[in-house]
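Working notes for the structure below.
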C-alpha cells in the first residue's frame, strides 16, 4: 500500500492496523532543539480517545506513546522522530461474522477490489484507529508553531445531525465530551445521543478548525495552495465527505460586494475567505470546516453481498461510535497544524529572507 506519507519538508508517515500489535508514525523534517517528552502527548490523545463517555465506542486503549528515535536529552535532534503506540484492547472476535461479507458504507469492498485481500478486524488500515498517530504528530506541530510563530490551532463541534450551537464560547469547548461551544445545550446533546444509540442508528457531524496567529505569506500560489493542502488533509480523515474554507459553499449565494474582504490599515473588514487568498495566508485567522458522514457500523440490518456473490443482510456488532464526529475535533486540529508547519518550513526555505513587507494589515 502506497501513499502513507504526507507533507514535503515536514513529513509524516503512519503505519499499523486497528487490531495489529501497534500503530506508529515517523516524523521527518522536524527542526532540532524542540523540547519534547512523552507526557506532552497525553492531553491530545486523551481528547481523541474512545471509552471516555457513553457517547463513543467503548474500546479503551492506553495510548501511551513511546519515543523510539529523534529525541535526545529531551530535545529533538533533527533526525526522524519515531513514535509507537501499542494496541491493548482489541476484540477481533467481534468481526468474525463479517470476515466474508462487505459492510455497506465501509472500505471493505474497495480494499478487496484494490488489493485482493483485506483485514476485517476493525477495518484494518482503514480504521479511525490510524488517526491516533496523526494526533500524536500534530502535538509536535502544534508545539513548534506556538513556540516559533505564536500560532494557536483549535477546533470545535459546529453541528451534530440537525443541531447547531445557539451561542459560542471557546471557554466551554473543552468542558464537555462533544467539544460543543454552548454549555446550555450539552444536556440536549446527551439526550439526543442516548436516543440515537438505543435506536441502533448513527448521525453525521460538522467540525470547525480555527488557526490564529498565522502570519501572511504561507502557502504557494498555484500547486501547493495552503487552502488546497488543508482541504486534502481534512479530506484524508476517515468519514470526511466535505471540506469548506472560510464561507465555503455559502459563497454561492453571496455577491462580490459582500464576499470580498475589504482592507484598511487598521485591519480587514471581514474574513469570508477564511484567511487565505490566492493560496497564501493573509495574516487573518484560518478557518476550515469538515463534514463527517454517519457511522456505517450500526445495529440496523443493511443489504450487502458476501465473497461468494450472495445477497446477505449485515448487522455490525461490536464497539462503535454513534457519531464519529464527537472524537474528530483533535484529529482535525492535528491535520491543520501539520499542514501549517509544513508550509511554514517551506516558506522559510524559499522566502525566509524577505522579512516583513509594508504595508502589513493587522
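Details
- If the condition is being part of a loop (DSSP other than H, G, I, E, B) and more than 19 Å from residue 295 (Cβ to Cβ), then region 160-198 contributes 164, 165, 166, 167, 168, 169, 174, 175, 176, 181, 182.
- Subset of region 1-32 that is surrounded by 22 or more Cβ atoms within 10 Å (Cβ to Cβ) and part of a strand (DSSP E or B) - its residue that is modelled with the lowest pLDDT: 16
- A search for C-beta distances below 7 Å between a residue of region 164-181 that is in contact (Cβ under 8 Å) with a residue 60 or more places away in the chain and at positive phi and any residue that is surrounded by 12 or more Cβ atoms within 10 Å (Cβ to Cβ) and assigned to a helix (DSSP H, G or I), counting only pairs 6+ apart in sequence or on different chains, returns 179/173; 179/329.
- Test: residue in region 210-218 that is under 15 Å from the mean Cα position of the chain (by Cα) and within 22 Å of residue 333 (Cβ to Cβ): yes
- Restricting region 33-42 to residues that are surrounded by 13 or more Cβ atoms within 10 Å (Cβ to Cβ) and part of a helix (DSSP H, G or I), the residue that is farthest from the chain's Cα centre (by Cα) is 40.
- Selection status of residue 274, touching a strand residue (DSSP E or B) at 6+ places or on another chain (Cβ under 8 Å), assigned to a loop (DSSP other than H, G, I, E, B) and buried (at least 17 other Cβ atoms within 10 Å of the Cβ): yes
- Residue within region 245-260 that is surrounded by 19 or more Cβ atoms within 10 Å (Cβ to Cβ), within 19 Å of residue 221 (Cα to Cα) and in contact (Cβ under 8 Å) with a residue 40 or more places away in the chain present: yes
Listed here are the residues, each with its yes/no results for (1) in a loop (DSSP other than H, G, I, E, B); (2) surrounded by fewer than 14 Cβ atoms within 10 Å (Cβ to Cβ).
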site	(1), (2)
295	yes, no
298	yes, no
303	no, yes
321	yes, no
330	no, no
339	no, no
346	no, no
350	no, yes
358	yes, yes
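- Selection count where residues are part of a loop (DSSP other than H, G, I, E, B), modelled with pLDDT of 85 or more, surrounded by 17 or more Cβ atoms within 10 Å (Cβ to Cβ) and more than 22 Å from the chain's Cα centre (by Cα), scope region 88-119: 2
- For region 65-87, a residue qualifies if it is more than 22 Å from the chain's Cα centre (by Cα) and over 17 Å from residue 31 (Cβ atoms), and exactly one does: 68.
- Flag if residue 236 is free of Cβ contacts under 8 Å to residues at least 12 places away in the same chain and within 28 Å of the chain's Cα centre (by Cα): no
- Of the set (1) crowded, with 17+ Cβ neighbours inside 10 Å; (2) outside any loop (DSSP other than H, G, I, E, B); (3) in contact with a strand residue (DSSP E or B) (Cβ under 8 Å, 6 or more places away or on another chain), all apply to residue 284 but (2).
- Scope region 236-249; condition out of contact with any strand residue (DSSP E or B) (no Cβ under 8 Å at 6 or more places or on another chain) and modelled with pLDDT of 95 or more; matching residues: 247, 249
- Here is the figure for region 205-235: residues that are under 23 Å from residue 324 (Cβ atoms), surrounded by fewer than 16 Cβ atoms within 10 Å (Cβ to Cβ) and either at pLDDT below 95 or touching a strand residue (DSSP E or B) at 6+ places or on another chain (Cβ under 7 Å) (or both) total 1.
The values are calculated or read from the model by the stated rules, or taken from the named source; none is laboratory data. Note that the structure is a prediction, hence the values are computed from the model and not measured. We place every Cβ from the backbone using ideal geometry, glycine too, and count neighbours over all the protein chains shown.
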